[in-house]
Amino acid sequence: MVDQIYPLVDMTDESISSARQGVALHSAIEQFYFGYRAFTRLPDRILEQRGLGRVHHRILYFIGRNPRISINVLLGMLRVSKQALNAPLRQLVEMRLIATVTAEHDRRVRQLTLTPDGAKLESQLTGTQMKQLEAVFNQAGPNAEEGWHQVMLILSEQG
């Protein structure tokens with residue numbers, strides 16, 4: 001592939017190896033981008049019908065996975081500012097997809113939980129992605145899922 005890109009350039013073995021690695025890394029970036037686009041396509045359509053976006057899905061997902069999560073813990077988990085979370089969270093509360101309750105251990109702490117409608121929407125959104133990942137892992141072979149988890153874990157630890 002590199003030979004096709006640089007056919008007239010006199011390259012050493014080391015520079016050829018480096019160029020091939022660069023091509024492979026660019027390919028990985030493109031695959032990541034296009035894979036994410038495919039991964040979010042169906043949920044985005046569902047969200048769009050309700051006037052919602054990906055940020056709403058992330059909020060629904062993490063509240064669904066962590067019932068009675070406090071707003072501060074959610075902020076830390078999503079690594080966003082209060083300002084960035086405020087509008088979409090308020091919208092989900094107004095749409096009665098999320099409920100806020102006072103924590104039993106501290107009346108100053110507000111905890112978030114999905115309403116039945118919120119749980120249904122979150123299940124629909126995440127369910128499409130789970131089916132897609134399951135099919136992709138099955139198609140990619142027996143070690144694909146483990147490798148993918150390793151890559152994503154290391155990548156997420158950097159961010």
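Quick one: net charge around residue 116, please, counting Lys, Arg +1 and Asp, Glu -1 for every other residue with C-beta under 13 Å from its C-beta.
0
Return one quarter of the surface area of the convex hull spanned by the alpha-carbon atoms of the chain, equal to its mean projected area, in nm². Provide the component values of the computation, followed by the final result.
Numbers: hull surface 53.5 nm².
With the hull built on Cα positions only, its mean projection is 13.4 nm².
Spin-label point model (7 Å from Cα, Cβ direction): what's the residue 130 to residue 117 distance in nm?
2.3 nm
Calculate, in nm to one decimal, what residue 148 and residue 61 gain on full extension: separation in residues at 0.36 nm each, minus their alpha carbon distance.
Values: separation 87, 0.36 × 87 = 31.32 nm, distance 2.04 nm.
So the chain would gain 29.3 nm between residue 148 and residue 61.
At 7 Å along Cα-to-Cβ for each site, give me the label-to-label distance between residue 104 and residue 37 in nm.
About 4.9 nm separates the two model spin labels.
Given a 10 angstrom Cα cut-off, can you work out which residue in 142, 43, 116 is the most mobile in a GNM of the chain?
Top of the fluctuation ranking is 142.
Share of the chain's accessible area from carbon and sulfur, percent, 1.4 Å? Please list the in-between numbers first.
On the way: 6260 of 11620 Å².
In the chain, the share of accessible area belonging to carbon and sulfur is 54 percent.
In debye, nearest 20, what is the charge dipole magnitude of the chain about its Cα centre with +1 on Lys and Arg Cβ and -1 on Asp and Glu Cβ, if you could check? Before the final figure, lay out each step's value.
Numbers: 18 positive and 16 negative charges, 259 e Å.
With only Lys, Arg, Asp and Glu charged at Cβ, the dipole is about 1240 debye.
Of 26, 38, 125, which is farthest on the positive side of the dipole of the chain, counting Cα position, with +1 on Lys and Arg Cβ, -1 on Asp and Glu Cβ, and the Cα centre as origin?
125
Of the peptides 51-64, 145-158, 97-110, how do they stack up when ordered by the mean number of other Cβ atoms within 10 Å, highest first?
Working: 51-64: 18.9, 145-158: 10.1, 97-110: 12.5.
Sorting 51-64, 145-158, 97-110 by mean packing, highest first, produces 51-64, 97-110, 145-158.
Find out how many positive minus negative residues lie around residue 37, taking Lys and Arg as positive, Asp and Glu as negative, among other residues whose Cβ is under 14 Å from that of residue 37. Mind showing how you got there, number by number?
Working: positive: 41, 45, 54; negative: 30, 44.
Once positives and negatives cancel, what remains is +1.
The values are calculated or read from the model by the stated rules, or taken from the named source; none is laboratory data. What you are looking at is a predicted structure, and each value in this text was computed from that prediction instead of being measured. Reconstructed Cβ throughout: ideal geometry from the backbone, glycine too, with neighbour counts over all protein chains shown. Ligands, DNA and RNA are stripped out before the accessible areas are found, and what is left, the full protein with its side chains, is counted by its heavy atoms. Shrake-Rupley method; radii C 1.70, N 1.55, O 1.52, S 1.80 Å.
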